[in-house]
Structure formats: structure tokens, C-alpha cells
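**Q** Once you've had a glance at the structure underneath, I'll fire off some questions.
The values are calculated or read from the model by the stated rules, or taken from the named source; none is laboratory data. Quantities reported herein were computed from a predicted structural model and do not represent experimental measurements. Here the Cβ is made from the backbone with ideal geometry for all residues, glycine too, and neighbour counts use every protein chain on show. SASA here: full protein model, heavy atoms, side chains in, ligands and nucleic acids out. Shrake-Rupley method; radii C 1.70, N 1.55, O 1.52, S 1.80 Å.
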Amino acid sequence: MEKRIIKKVAVLGSGVMGSRIACHFAGIGLQVLLLDIVPKEAVESKKPSERNKIVNDALTAAIKSNPSPVYHKNVIKKITTGNFDDDMKKISDCDWVIEVVVERLDIKKQVYEKVEQFRKPGTLITSNTSGIPIHMLSEGRSDDFKKHFCGTHFFNPPRYLRLLEIIPTPDTDPGIIDFLMNYGDLYLGKTTVLCKDTPAFIANRIGVFGIMSLFGLVDKLGLSIDEVDALTGPIIGRPKSATFRTADVVGIDTLVKVAKGVADNCPNDEARDAFTIPAWLQKMVDNNWLGDKTGQGFFKKTKGSGGEKEILTLDLKSFEYKPRVKPKFATLETAKPIDDLYTRLKMLVAGHDKAGEFYRHFHY
């Protein structure tokens, strides 16, 4: 295995994932350079506070998020912020450059053009893309770039979710692959999985299929967002974030792009129709209701009349946010006391109400 010491990492893109990936690397003791674009309104400004507003606001939001992306607030001192125009030259001091910009091939390639200008030979370059084919990202790059480039797909929140997908291209040096597989396990605390460069890789190919399949049942069975999340959370052995809350965390734009990517690149897949985007989901993207990153998606946090925090749920028929309603299904009430998951699932599928019908559709 190639011997290499990582002291400083550059993270390009400070959105929900980028800022949290930066925090995770700072949390293991590394120096981190976190960069993003200059705001349009600050293009002519010479003030760093204005030119770095996007990256600084993103990092502040990450630090305040729950669960916390850092072990201790002092960790933040290891993160230096900047922007692509003024500070990209600083990546010459970094041992690893992680790209986490928006899921668009053209924009990622523009970033790589700048990276290639300033990176020193031998620097690792990886992408956190959720589904863009890795070999397409490295097209047109130098041999040294290609040799040290691959996908490193973290999952949100990166401090807590153990999976890390390593996706090489035919040009990736095998020693780099071995190094990243080991480093992710030993230093980042991840379960590293070597993936083929197939559409959406492994986890998103499965996970997005599961979410999109559930979205198809919403219209078919006339279910609300609150009802689906009640049916697909801890009651079936899954996290509290269930389906729609998970989509808000992932980013609805990312979810849609991955789903479209699978549909476009898997024309003969027997389950291709499951990746069709429902009209209401496309409308959310058009409205820029993208989940946590925009402050509203399937759920929206507000303040009640007394100043208390309140979470509203989107009504997919009226497209208005309304107070959450706790669903009541006889099948759920009967199954909840059963500790054994296998026995509980059998009871859920056998239910005679809409919940039972949902599980039969979902599992069969």
C-alpha cells in the first residue's frame, strides 16, 4: 500500500455536505481549507467578509446543526475559509482536495480546471458526487490528475454515517485506491466500500430506488407525508428520519438529479419507471424548496404565536404548509408492542387497513 501522510485537506464547496465534511476532517486533527464561490453581489467588493459570505454562513450553519458535526467547538479553529477566486492557489499546500460542489458536470469540470492550475503533483483529488459517473469527471485532465483521482462518496451527516464509497476509474492508481480504503477505515472511522463506476454507485442506486418507489405509492394510495414517515421509520427498523425527512437532509435537488441520472443511464433496467419524477417533486425543485439547505422542503420550521418552534408539513395537494398530524393506523398500534422486528414486520404486512395495504405494496 502506498505510504502517504495527510496533514491538510481542501474542501471545495461549502454546502450541507461540504461544510460537514470539512468539520469531520478537522475533527480528526487535520488543517482544512474550505472554499466556495464569491456571492454575485460581492464580485466587485474587496472585503473578505463580503467575498467569503457564502462559505462563512455555511460553516456557521453546520456548526449550529443538530447532531453536531464536531467533537468540540475548538475543532473549528482548524478550518480556514476562502473563495475560489482569491484562495484557490492555497490548495498547493494541501495533500488532498475534495470536491463537493453542485451536482452538475459542467460546473465540476470548471472547478477541476482551477484545481489543475494550482495543485502540486501527487495531490489526491476526489469527488463527493452522488451519482455523476466518475470517469466523466476526469475527462480532459492530465495524466497525474487522473492517476490521483477517484470518487469518495460520504453520506450526510458524515460524522455519524459510517459508509464511505470509494469509486475508482480505469486511470486511478491502484495504490491510491488501497490508501483511501485504509485511510477511511483507520482515520475517518468509516466502513469503506469499493464500488464500480456504475450509475449512482451502490448506496444511492438502492436508496434512491427505495425512496422513489415510496413516492410512487403516495399518489397511488393517497397518503400524506406524515403518514408515510410514520410507516417507514422505527416501526420497520429504520431511523426516525424515515423517508421524507431523509429527503430533506439529502437535498431534494440532489435526489432528483440522482434519480434522473439512473433513469437516463439505465435504459434497460427493469425498475426504470420507479425513477420517474412525480409532478409535485419537480414543482418543489422549481420552487427551490430543496430541504434543509434552503430552509424548507417537505418540512418547514417556523415559530408559533408564542415564539415556540413549530415544524410544518407540506400538503402535496394544496402545496401549503400545515401543522403536523400524527397518523393513526390500527395496524401500527397493534404492532408497536412487539420487540422482535421479524415478527413485527409479518404483522404489519398482514394489516387490514391502509397501513397494511401500504406494506404489501412496498414489500411485494
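**Q** Tell me the net charge near Phe179. Cut-off is 14 Å between Cβ atoms, Phe179 excluded, with +1 for each Lys or Arg and -1 for each Asp or Glu.
**A** Local net charge: -1.
**Q** Less than 13 Å Cβ to Cβ from Leu348, Lys/Arg counted +1 and Asp/Glu -1: what total charge do the surrounding residues give?
**A** For residues surrounding Leu348, the net value is +2.
**Q** Among the listed pairs Lys196/Lys260; Lys46/Lys283; Lys196/Lys326; Lys190/Lys257; Lys53/Lys146; Lys8/Lys53, which have their C-alpha atoms separated by more than 30 angstrom in this model?
**A** Those over the limit are Lys46/Lys283; Lys196/Lys326; Lys53/Lys146.
**Q** Cβ neighbours within 10 Å, averaged per peptide: list 147-153, 322-328, 173-179 in order, most packed at the top.
**A** So the order, starting with the most tightly packed, is 147-153, 173-179, 322-328.
**Q** Which of the aspartates and glutamates could a cross-linker bridge to Lys317, judged by Cα under 19 Å and excluding same-chain residues fewer than eight apart?
**A** Correct list for Lys317: Asp219, Asp226, Glu227, Asp229, Asp248, Asp286.
**Q** Here's something else I'd like to know. Over all alpha-carbon pairs in region 224-321, figure out the percentage whose distance exceeds 19 Å.
**A** Of all Cα-Cα pairs in region 224-321, 49 percent lie more than 19 Å apart.
**Q** Evaluate the Kirkwood expression for the hydrodynamic radius of the chain, namely the inverse of the mean inverse distance over all pairs of different C-alpha atoms, and round to one decimal in Å.
**A** Kirkwood hydrodynamic radius for the chain: 22.0 Å.
**Q** Sticking with this structure for a sec: For the chain, what is the calculated [θ] at 222 nm in deg cm²/dmol (nearest 500), taking -39500 (n - 2.57) for each run of four or more DSSP H residues and dividing by its residue count?
**A** -11500 deg cm²/dmol
**Q** Continuing with this model, one more query. Mind checking the log10 I(q)/I(0) for region 285-364 at q = 0.11, 0.16, 0.19, 0.24 Å⁻¹? Debye, one equal scatterer per Cα, no solvent, two decimals.
**A** So the normalised log intensities are -0.49, -0.81, -0.88, -0.99.
**Q** Using only the Cα atoms of region 95-236, each taken as one equal point scatterer with no solvent, compute I(q) by the Debye sum, divide by I(0), and report log10 of the ratio at q = 0.13, 0.14, 0.18, 0.22 Å⁻¹.
**A** -0.63, -0.71, -1.01, -1.37
**Q** For the chain, calculate the relative contact order in percent as a whole number, restricting contacts to Cα pairs under 8 Å that are 6 or more residues apart.
**A** It comes to 12 percent, rounded to a whole number.
**Q** Report the percentage of all Cα-Cα pairs in region 56-117 whose separation exceeds 18 Å, rounded to a whole percent.
**A** 49 percent
**Q** What number comes out for accessible area per residue over region 139-186 if the probe is 1.4 Å? Units Å², please.
**A** 41 Å²
**Q** Please work out the average accessible area per residue across region 246-364, using the 1.4 Å probe convention, and give it in Å².
**A** Dividing the accessible area of region 246-364 by its residue count gives 60 Å².
**Q** Looking at the chain, what % of its DSSP beta bridges pair antiparallel, to the nearest 5?
**A** Of the beta bridges lying entirely in the chain, close to 40 percent run antiparallel.
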